[in-house]
Amino acid sequence: MIFVATEKLKKGMRLAKPIYNKQGVMLYERNSKLTTQGIQSVRNFGLIGLYILEPAEPLPPFTEADREFERFQTMSVFTLQEIMQDIANGNRPRKLEQLAAEVVRRFGNNVDKIGFTQNLRSPEDNVYKHSLNVAILSAAIYGKLTHNAERQRYVVISALLHDIGSLSVPAAIAHKKTKELTDEDLEVIERCKEEGYRMLRENCDLDSEVMKNISYMLRDLKELRMTGSLQNIKAPDAQVETLKVAYLFDTMTAMKYGEEPQSDVAAYKFLHHPRNRMNQQVVRAMTQAVRLVPVGCTVQFTNGTKGIVLTENEGDILRPFVLSFQDNKIYNLGDGKIFERMQIKDLLKTMDNRYVMTDMYEKYLEALRDGREPVVRRN
């Protein structure tokens, strides 16, 4: 799978991912070949590019849940854009409550973990996609902390609107890569965020709880950006802590054009590390809400070898049962002695940030279903 910028798309290229319109109607299915009309449609949609299958590449795994998640993302990004435009124009955001309720319904009360996949962003749509993803993550995480429906609604609305000020960041700054931003650029960005908060306060009749969440969230994240630490800051409650964890996880793993995203594991390690002062109850809730190291995914170990996850460890997602490709042995990373010499360094993912699943895991499951002993050795 490769990424091809819109201006380099050619007739006959095969799509790796479906394309939806803003109503959620699928216009082009996976594996369909681009036509001249299709390329023009991509340009009209304002897409910066597409994921394309290489000539002999088979279709990667893609579940119905994956399809529905991407469909909802596409529809909701357009809805959120309308909401923010209403607010910027001084109007009541007509669809805000409806979108918040739908996010909570889909992601806020799941017994099982959700599959969270990133979408490619451009400077033009980054704010909308980022804010929606923070809302989805916040709903899932907060749903593991409490069953208070009203507070969960506050969290989701806060997530949807927290970054509205970034829409006024000058294009010359918004188009820069993160590492290219100067101190002066960062000051401009902070002023835009503060102006966005003022606009919400003056143009919207939002719950005081929502405004408090956004205020504390912006304060804490500014401190983190400016000093690299949250040493002297303590958020007032789990709502703000949830928003910060969701914000940082999405920001670190986001697939921005021209920038390499960090992996889910790298983001988790950052959030979990004591020096970063994140609320560990919230971080743990994230591991209970989102599939970060799922069964069947391919992992790379610190010793350079690779393997697949056979059984998750709910107590510590980085210490599951794994099957090593090198020696065909099963290792329990929950065993302290094994963990000392063999740890998960990272996950292997496709270019569109999906987990790499191998046929070895399917063969392992097939043997178990048939009552046969899998051809592996236990360490």
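A few comments on the model shown:
- Scanning the range 29-46 for residues that are more than 13 Å from residue 78 (Cβ to Cβ) and either among the acidic types (Asp, Glu) or modelled with pLDDT under 85 (or both) yields a total of 5.
- Those residues of the range 241-286 which are acidic (Asp, Glu) and either closer than 12 Å to residue 141 by Cα or in contact with a strand residue (DSSP E or B) (Cβ under 9 Å, 6 or more places away or on another chain) (or both), in sequence order: 241, 264
- The range 290-331, residues that are among the hydrophobic types (A, V, I, L, M, F, W, C) and under 20 Å from the mean Cα position of the chain (by Cα): 290, 292, 293, 295, 297, 299, 317, 318
- Taking the listed residues 346, 316, the one that is surrounded by 15 or more Cβ atoms within 10 Å (Cβ to Cβ), closer than 22 Å to residue 60 by Cα, outside the structural domain of residue 268 (by TED's automatic domain parsing) and among the charged types (D, E, K, R) is 346, with no other qualifying.
- When residues of the range 47-67 are limited to those that are modelled with pLDDT of 80 or more and within 19 Å of residue 255 (Cα to Cα), the one surrounded by the most Cβ atoms within 10 Å (Cβ to Cβ): 50
- Those residues of the range 162-183 which are touching a strand residue (DSSP E or B) at 6+ places or on another chain (Cβ under 9 Å) and assigned to a helix (DSSP H, G or I), in sequence order: 178
- Any chance residue 344 is within 26 Å of residue 221 (Cβ to Cβ) and in contact with a Phe, Trp or Tyr (Cβ under 9 Å, 6 or more places away or on another chain): no
- Answer residue from the range 20-53, given it is out of contact with any helix residue (DSSP H, G or I) (no Cβ under 9 Å at 6 or more places or on another chain) and either assigned to a strand (DSSP E or B) or assigned by TED's automatic domain parsing to the domain that holds residue 113 (or both) and is nearest to residue 130 (Cα to Cα) among those: 51
- Residue list for the range 113-152, filter: within 17 Å of the chain's Cα centre (by Cα), of a type in the set (D, E, K, R) and either within 23 Å of residue 16 (Cα to Cα) or at pLDDT below 90 (or both): 121, 125, 129
- Selection over the range 172-199 of residues that are in contact (Cβ under 8 Å) with a residue 40 or more places away in the chain and within 19 Å of residue 247 (Cα to Cα) gives a count of 4.
The values are calculated or read from the model by the stated rules, or taken from the named source; none is laboratory data. Please read all numbers here as calculations on a predicted model, not as lab measurements. With ideal geometry, Cβ positions are generated from the backbone for all residues, glycine too; neighbour counts draw on all protein chains shown.
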